[in-house]
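Here, each number is a calculation from the coordinates, and none is a lab measurement. Predicted model only: the values in this text are computed from it and were never measured. Using ideal geometry, Cβ is built from the backbone for each residue, glycine included, and neighbour counts are taken over all protein chains shown.
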Amino acid sequence: MSKPIRKVVFPVAGLGTRFLPATKSVPKELLPVVDRPLIQYAVDEAKEAGIEHFIFVTGRGKTAIADYFDHAYELEQTLASKGNTDALKMLTDMRPPAGAASFLRQQEPAGLGHAVWCARDLVGNEPFAVILADELLKSSPGCLAQMVEAYNETQGNVVGLLDVPPEHTDRYGVIKPGTRNGKIIEIEDMVEKPKPEDAPSTLVMVGRYILQPTIFDHLSRQDRGAGGEIQLTDAMARLIGKEPFHGLEFDGVRFDCGNKVGFMAANVAYALERDDMADELRDFLRTVV
Ligand code: G1P
């Protein structure tokens with residue numbers, strides 16, 4: 001029986017420079033797709049996968065994220081006095097239970113590997129998940145839930161995978177695939193942001209990870225990799241061959257909300273599924289496209 005995945009790490013310290021000036025004072029993770037911030041989708045995906053503890057690795061200027069997941073007494077009282085029970089219920093449902101969220105700071109922008117390593121004491125000696133909130137993955141069940149199911153079969157480490165056009169490999173961590181069993185692919189190697197001519201495949205990691213705590217030993221070496229940053233991909237590559245390591249080609253649609261077109265596309269796609277706005281939006285889109 002595999003150890004359950006109870007904890008998730010959200011690295012949310014990034015500066016969000018691609019969304020300036022909006023992200024000058026609003027963390028990019030709080031930018032809304034329709035009316036829910038990106039980080040809310042990530043938390044919902046984690047909850048659906050059975051996660052019980054939510055660890056946010058934040059940075060300076062990101063206190064709004066902790067506030068977002070807290071009570072908002074004035075607002076709640078006003079809603080209560082107006083009898084707006086729907087909005088009150090929404091605010092209750094979105095909050096992690098008391099004591100189930102932790103916030104810590106990555107003091108320097110030293111890379112994704114460093115951000116995950118910052119959470120080592122809170123994670124402790126158990127397998128855990130990592131979700132990058134700017135990758136919005138639309139699927140049912142959610143990507144992490146699909147991965148937990150795969151993990152229950154494979155044990156070890158599991159990453160979410162997606163096939164991309166060859167010219168995009170230098171934006172992502174790319175894996176070298178081994179044996180395939182349906183959607184589950186054994187991973188033989190991985191490399192961060194290779195040029196198309198050097199890429200071992202076109203299967204890239206989509207910002208969802210289930211990792212064993214041994215990853216922290218490798219991250220603690222603090223080696224710098226692509227872009228001069230401490231890369232999670234490099235530490236994971238060192239686990240391959242020592243522990244089971246698989247990828248799951250997830251079933252669903254992916255929006256890279258770290259870039260503006262992906263973010264706009266996500267807004268349109270999610271809005272078109274909402275009964276309260278789909279018809280009006282579709283009519284508008286027909287007039288402009
Ligand atoms: C990070 C990871 C990369 C992964 C990507 C997914 O890159 O380092 O391996 O494929 O997220 O979005 P970043 O987007 O932080 O440059």
HN-Hα couplings for region 99-114 via Karplus (6.51, -1.76, 1.60; θ = phi - 60°), in whole Hz with x for Gly/Pro, come out as x, 9, 10, 10, 10, 9, 9, 7, 7, 9, x, 9, x, 4, x, 5
In debye to the nearest 20, the charge dipole size for region 113-200, taken about the Cα centre with +1 at each Lys and Arg Cβ and -1 at each Asp and Glu Cβ, equals 140
Computed over the chain: longest principal axis from alpha-carbon atoms vs helix 38-48 long axis, angle to nearest 10 degrees, is 70
Summed over the other residues with a beta carbon less than 15 angstrom from that of Lys138, with K and R at +1 and D and E at -1, the charge totals -4
Rounded to the nearest 10 degrees, the helix 143-154 long axis (Cα) sits at an angle to the longest Cα principal axis of the chain of 30
With +1 at each Lys and Arg Cβ and -1 at each Asp and Glu Cβ, the charge dipole magnitude of region 133-176 around its Cα centre, to the nearest 20 debye, comes out at 40
The distance between the Cα centres of region 133-189 and region 14-33, in whole Å, is 27
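Can you give the FRET efficiency to the nearest 0.05 for Thr17 and Asn84, using r as the Cβ-Cβ distance and R₀ = 51 Å?
On the way: r = 37 Å, r/R0 = 0.73.
Computed FRET efficiency for Thr17 and Asn84 comes out at 0.85.
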Helix 260-271: inclination vs the chain longest Cα principal axis, degrees, rounded to 10, gives 60
To the nearest 0.05, the calculated FRET efficiency linking Glu149 and Lys3 through their beta-carbon distance, R0 being 22 Å, is 0.90
Among Val268, His246, Val174, the residue whose Cα sits farthest towards the positive end of the charge dipole of the chain (+1 at Cβ of Lys and Arg, -1 at Cβ of Asp and Glu, taken about the Cα centre) is Val174
Residue span Gln222 to Glu48: 0.36 nm per residue of separation minus Cα-Cα distance leaves a gain in nm of 59.4 nm
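For the chain, just say rounded, prolate or oblate: build the C-alpha gyration tensor, square-root its eigenvalues into a ≥ b ≥ c, call rounded for a/c under 1.5, and beyond that prolate if a/b exceeds b/c, oblate if not.
Prolate, because a/c is 1.5 or more and a/b exceeds b/c.
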Sorting His114, Leu136, Val33 by the position of each Cα along the dipole of region 1-153 (Lys, Arg +1; Asp, Glu -1; all at Cβ), the one nearest the positive end of that ordering is His114
Taking the chain and counting helices only, DSSP H stretches of n ≥ 4 at -39,500 (n - 2.57) each over all residues, the nearest-500 ellipticity at 222 nm comes to -9000 deg cm²/dmol
A chain fully extended from Asp67 to Asp93 at 0.36 nm per residue, minus the present Cα-Cα distance, gains in nm 7.8 nm
